[in-house]
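As structure tokens, the structure follows; a few thoughts come after it.
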Amino acid sequence: MNEPLSFVHPTPESPWGTYLSQVDRVIPYLGPLARWAETLKRPKRSLIVDIPIELDDGTVAHYEGYRVQHSLTRGPGKGGVRYHPDVTLEEVMALSAWMSVKNAAVNLPYGGAKGGIRVDPKKLSQKELEKLTRRYTSEIGLIIGPQQDIPAPDVNTNGQIMAWMMDTYSMNVGATATGVVTGKPIHLGGSLGRVKATGRGVFVTGREAARRIGLNLEGARVAVQGFGNVGSSAAELFHQAGAKIVAAQDHTGSIINTQGFDLAGLMPHVRETGGVGGFKGAEALDNEAFWDVDCDILIPAALEGQIQPDRANRIKARLVLEGANGPTVPKADDVLADRGILVVPDVICNAGGVTVSYFEWVQDFSSFFWTEDEINVRLDKIMVGALKNIWDTADRHRISLRTATFAVACERILHARQERGLYP
């Protein structure tokens, strides 16, 4: 019948294992569509590529690259590309599946995809990084395209990487194809508001959730794990709304200031030094002690699997906003629920980035561009509407927001699967 996949060996708390348990939790709420649920547990296509490049010193290095298309049922694949030494096929599979759910949760006409290269980009020169990106793009060029699968930035990738990807793809097809990637520089068909869109989505869903539980953002204490694009953008918006950012953690260390950071000083420090560590306007904090910080809102915006059950027992926040993908393992989810801590799950909380990526893609096709205000208003409307629909589902079935998000999204994916039928 349906044997487990032979090419990955997930554990209950690994990324794919976490995703599978999330799917299992939603099956009782799918009704007759449950007969199609197995399609959610099997990526449509997984491509593993070898990426050989000549380094600056003349040696030839090989890197392992991936592109996984989890589902193309509702439209082209959509999802980021990450450069990280710990990237694995299993991780990319899980991230692509979460993209399927995320896109369906906010009702974008996309399936889910994800890509990655096992590399520490900090060890490469700019020229080596360009070679790596261009060779990777050529290798996965068979399955990407404006109507097939549209990559975007993720961990350790940015607008410049997307520009190289777009140029490489365009050279191979013989025409400028701006719509093949999103998150591009503005001069190449990028969208205003895209860089801060994921953090803005975290803020918008956080603002709505805080209102629901009667938490006033004025004076609310916020702790942020991961101070890259997502974490820093969300921190700025919460700060503007009157909240205090009291703790932050990234790969350079952890810092705390119970009175709240001076973001006008912290942001330049992060840009200049590459992280929060060593910031003069705060005290250093032991990394593990970060999870004991007194706060009202916790924003995990780093990598997956950060909130394990022992940490979930120590978190003091009333509200957890998942800026990262998959930061909470299933057992920790249960601990937070038992403790009455509300979790706004990644698959809706950080969907602001892909929503503005969708706007960028639409603008590229029409060659007509919107103002940043127009984009932010449209983003706000989509995020608030999607969250309201999810909350209604959670209240109706008395289930967590995560299971409700999966219920809404998986129903849309499986309806499309059922209506399309099986070919041939």
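Of all the accessible heavy-atom surface of the chain, with the other protein chains kept in place and a 1.4 Å probe, what percent is carbon and sulfur?
51 percent
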Cα pair distances of the stretch 48-155 binned at 5 Å [whole percent]
2, 13, 23, 23, 16, 11, 6, 3, 1, 0
Percentage of interatomic Cα-Cα distances in the chain larger than 36 Å
22 percent
In a Gaussian network model over the chain where Cα atoms closer than 10 Å are linked, find which of Ala105, Ala312, Ala61 has the largest mean-square fluctuation.
Ala61
Considering only DSSP beta bridges where both residues belong to the chain, give the percentage that are antiparallel (nearest 5).
50 percent
Sparse-neighbourhood loop hits (chymotrypsin sites (Phe, Trp or Tyr not before Pro), the stretch 5-54; DSSP loop; Cβ within 10 Å at most 15 others) -> Phe7
Using 29 Å as the Cα-Cα cut-off, could you pick out the over-long pairs in Lys244/Lys388; Lys78/Lys388; Lys184/Lys388; Lys41/Lys331; Lys122/Lys316; Lys41/Lys78?
Lys184/Lys388; Lys122/Lys316
Cβ crowding within 10 Å averaged over residues, with 150-156, 370-376 ranked highest first:
150-156, 370-376
For the stretch 249-313, the Rg and Dmax computed from alpha carbons only, in angstrom
12.3, 35
Given labels modelled 7 Å from the Cα in the Cβ direction, how far is it in nm from Asn216 to Tyr423?
5.8 nm
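Can you tell me, using C-alpha contacts under 8 Å and at least 6 residues apart, the relative contact order of the chain as a whole percent? Display every interim value, and only then the final one.
On the way: 863 pairs, mean separation 69.6, N = 424.
It rounds to 16 percent for the chain.
What are the semi-axes of the equivalent ellipsoid of the stretch 73-134, taken as the square roots of 5 times the eigenvalues of the Cα gyration tensor, listed largest first and rounded to whole Å?
27, 12, 8
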Show me, bin by bin at 10 Å from 0, the whole-percent P(r) of the stretch 115-255 based on Cα pairs.
11, 32, 28, 19, 9, 1
For the stretch 260-326, what is the accessible area per residue in Å², given a 1.4 Å probe and the full set of protein chains?
41 Å²
Highest first, please rank the peptides 110-119, 45-54 by the mean number of other Cβ atoms sitting within 10 Å of their residues.
110-119, 45-54
Starting from 0 in steps of 5 Å, tell me what percent of the Cα-Cα pairs of the stretch 115-181 lands in each bin.
3, 17, 33, 27, 13, 6, 1
Using a 1.4 Å probe, what is the accessible area per residue for the stretch 3-44, in Å²?
55 Å²
Suppose R0 equals 51 Å; then what is the FRET efficiency for Asp120 and Asp395 from their Cβ-Cβ distance, rounded to the nearest 0.05?
0.70
Just to verify a number: FRET efficiency for Asp262 and Ser366, C-beta to C-beta distance, R0 = 56 Å, to 0.05?
0.85
For His187, His397, His251, His70, give me the order by solvent-accessible area with a 1.4 Å probe, most accessible first, ignoring ligands, DNA and RNA.
His187, His251, His397, His70
As a test of the formula, what do you get for the chain when each DSSP H run with n ≥ 4 contributes -39,500 (n - 2.57) and the sum is divided by the residue count, at 222 nm and rounded to the nearest 500 deg cm²/dmol?
-13500 deg cm²/dmol
Going residue by residue through the stretch 217-226, the Karplus relation 6.51 cos²θ - 1.76 cosθ + 1.60 with θ = phi - 60° gives ³J(HN,Hα) values, rounded to whole Hz and with x marking Gly or Pro, of 5, 5, x, 5, 8, 10, 10, 10, 9, x
For the stretch 163-238, report the translational diffusion coefficient in µm²/s to the nearest whole number, using Stokes-Einstein at 37 °C, 0.692 mPa s, and a Kirkwood Rh over Cα pairs.
223 µm²/s
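The values are calculated or read from the model by the stated rules, or taken from the named source; none is laboratory data. It should be emphasised that the depicted structure is a prediction, and the values quoted were computed from it without experimental measurement. Note that we place each Cβ from the backbone using ideal geometry, even for glycine, and neighbour counts take in every protein chain shown. Side chains are part of the model used for accessible areas, which takes the heavy atoms of the whole protein and leaves out ligands, DNA and RNA. Shrake-Rupley method; radii C 1.70, N 1.55, O 1.52, S 1.80 Å.
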